[in-house]
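Below is one structure; the comments refer to it alone.
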Amino acid sequence: MDCACRPFFLWGTWMSTTPRTTSPPNTITFTISPPLINSRSSTQPSPPRLKATTSPFNFSLDLPSGGNNNHGGRNSNNNNKGWWWRRWWNDGSDSSNTFSLLFLLSSSIVLQLASSAAARTQQEEGEEVWEVKGSNWARLVPDFSKDEFVVSPTSSWSLFSVNDLWSQCTTLFVRLMLPQGFPQSVTSDYLDYSLWRAVQGVASQISGVLATQALLYAVGLGKGAIPTAAAINWVLKDGIGYLSKIVLSKYGRHFDVHPKGWRLFADLLENAAFGLEMLTPAFPHLFVFIELLKVDAHNLQAATRSCFYAGFAAQRNFAEVIAKGEAQGMVSKFIGIMLGIALANCIGSSTPLALASFSVVTWIHMFCNLKSYQSIQLRTLNPYRASLVFSEYLLSGQAPPVKEINDEEPLFPAVPFLNIYSKGNVQSIVLSSEARNAAAEIEQRLQLGSKLSDVVNNKDEVLALFNLYRDEGYILTEHKGRFCVVLKESSSPHDMLKSLFQVNYLYWLERNAGIEARSISADCRPEGRLQISLEYARREFNHVKNDSVSMGWVADGLIARPSPIRVCPGNIASSIAS
């Protein structure tokens, strides 16, 4: 590879053309053009004009010929060499010759270094490197003295622009309010849920301010009452609230099974408590009961909130998602308190206006709550969602997507007349009506954690069941129209999920194949309905589970609250043998 500092007459390409008439005699003209590709030629040079082509600059020297002869500007003496060539070689003893040669050599070196620097600059401009941090972009330029990249000085000029100030504020807000790596670090339903929750949080705080204004008078503040009475009521309220938290912890597993319904129920309790607080001056003796409702609502909200946040953590960043959710809640509360204080000042002591304002704010609060729960896409499998997935798999051969199941699941499955579906009455184009009806009926007929003594009548039935399910963690049979699942002592959530898949196939045999239930002993024999359904479950369960996982479901177990009753096969077998 040629050195960047070689003289132009050793590195360039020699070309001979007619001397330019516009150039004055005895002058040297440099012509610099855009980058060109170097080329080498074997053509012999023609002396009157010398043109050297280099990369990335093209420069030429037009040197008119000297002498007294007139041959079209050419000199035929000295092998067609110009005056400068003859002077160097014919009068080499003169010191000016050495100076001229050194000057030309130095000039060529400087031009080659300049061309190399320009080429490097153009390469940097064509292949820019940027450092990105949020919405901030800083251009990096190479520092050859330190052999590293540094931030371009021009990048700091934008710090004083209005656009960059807005960008800095936006980046700070995103870093404080959203998990790192958003949106890849959370699920697709996180943003919709957070936006609706922010609005409902503001409405909730406005209702709280209006209710507190009435509550303070009810407990004895502001009317000349003794402050001790107000303090006693307040302490009593806190004590009963602590006791309520302990009692509610017993039903924590229910919150995991149907978190949307329980969360909406908690919001209803909270609004009911706020409404009663508005009326507390008329019923001051109900103060403790009203505060108990509010405490229960807050406990339910806290329990279900963690369930939602765990589902949002796409990269197992549970703590960060919870922390950002709390930060979002604090912002909503701050805004709500400010608006509530302003509204309370405008309302004053007008009770009708306060009730009207409270009704409007409560409607906004519940509407935003409903929209936020409709946006949540739970990926765990409770009995209803699992039955819907399995039923659709048995009918179509593939597991349905997460969004379709969540849109179909009612918020209050235990209270049919209060059932509110996530998308109203819009029919799903993926889920069949047969699958929806099957899931609803199976959930009604399922009894998870049954007592063995309630489903068997004699020793033969017990032996038949234990012999059929000896390799499983559960025992399934049908008793009085209900699907009874007896859990063994070693039963796990995975075993419960498998038992529910067998329940769905048993229901399919009953509805579509016409295989009716007989005695337990007959159903456990070969070609019996329990034996057929169990063989199918063993053969297809892994397939349906893998298909469900590919659709985004968490199919490692069933989220349910079974009865705590378990059976131990060894003890029962020994007791039967005796």
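A simple spin-label model places the labels of SER306 and ILE246 1.9 nm from each other, with each point 7 Å out along Cα-to-Cβ. When only alpha carbons of region 464-578 are considered, Rg and Dmax amount to 14.6, 50 Å. Multiplying the residue separation of ARG538 and GLN398 by 0.36 nm and subtracting their alpha-carbon distance yields 48.7 nm. Per-residue accessible area (protein heavy atoms, 1.4 Å probe) orders ARG139, ARG253 as ARG253, ARG139, starting from the largest.
The DSSP beta bridges internal to region 407-566 are antiparallel in roughly 70% of cases.
What FRET efficiency comes out for ASP454 versus ASN345 if R0 is 56 angstrom and r is the Cβ-Cβ distance? Round to the nearest 0.05. Could you put the intermediate results ahead of the total?
Working: r = 63 Å, r/R0 = 1.13.
E between ASP454 and ASN345, to the nearest 0.05, is 0.30.
When a/c reaches 1.5 or more, the comparison of a/b and b/c decides; with that in mind, is region 506-548 rounded, prolate or oblate per its Cα gyration tensor? Here region 506-548 falls in the oblate category. Residues whose amide H comes within less than 5 Å of that of PHE149, counting only those at least five positions distant or on another chain, are ASP143 (H built at 1.01 Å from N in the peptide plane). Distance between the 7 Å Cα→Cβ label points at GLN531 and MET330: 6.6 nm. Which of the pairs LYS403/LYS498; LYS371/LYS403; LYS294/LYS333; LYS498/LYS545; LYS260/LYS403; LYS260/LYS498 have their Cα atoms more than 19 Å apart in this structure? In this structure, LYS403/LYS498; LYS260/LYS498 lie more than 19 Å apart at Cα.
State whether region 252-342 is rounded, prolate or oblate according to the following rule on the C-alpha gyration tensor (a ≥ b ≥ c being the square roots of its eigenvalues): a/c under 1.5 gives rounded; otherwise a/b larger than b/c gives prolate, and the remaining case gives oblate. The shape class here is oblate. Quick one: grab the alpha carbon gyration tensor of region 160-209, order the square roots of its eigenvalues as a ≥ b ≥ c, and give me rounded if a/c is under 1.5, else prolate or oblate depending on whether a/b is larger than b/c. Since a/c reaches 1.5 but b/c is at least a/b, the shape of region 160-209 is classed as oblate. Among the trypsin sites (Lys or Arg not before Pro) found in region 464-520, those both in a DSSP coil and sparsely packed, with 16 or fewer other Cβ atoms within 10 Å of their Cβ, are ARG470, LYS480, ARG518.
The values are calculated or read from the model by the stated rules, or taken from the named source; none is laboratory data. The structure displayed is predicted, hence computed values, not measured ones. Using ideal geometry, Cβ is built from the backbone for each residue, glycine included, and neighbour counts are taken over all protein chains shown. To get the accessible areas, we keep the full protein, side chains included, count just its heavy atoms, and leave off ligands, DNA and RNA. Shrake-Rupley method; radii C 1.70, N 1.55, O 1.52, S 1.80 Å.
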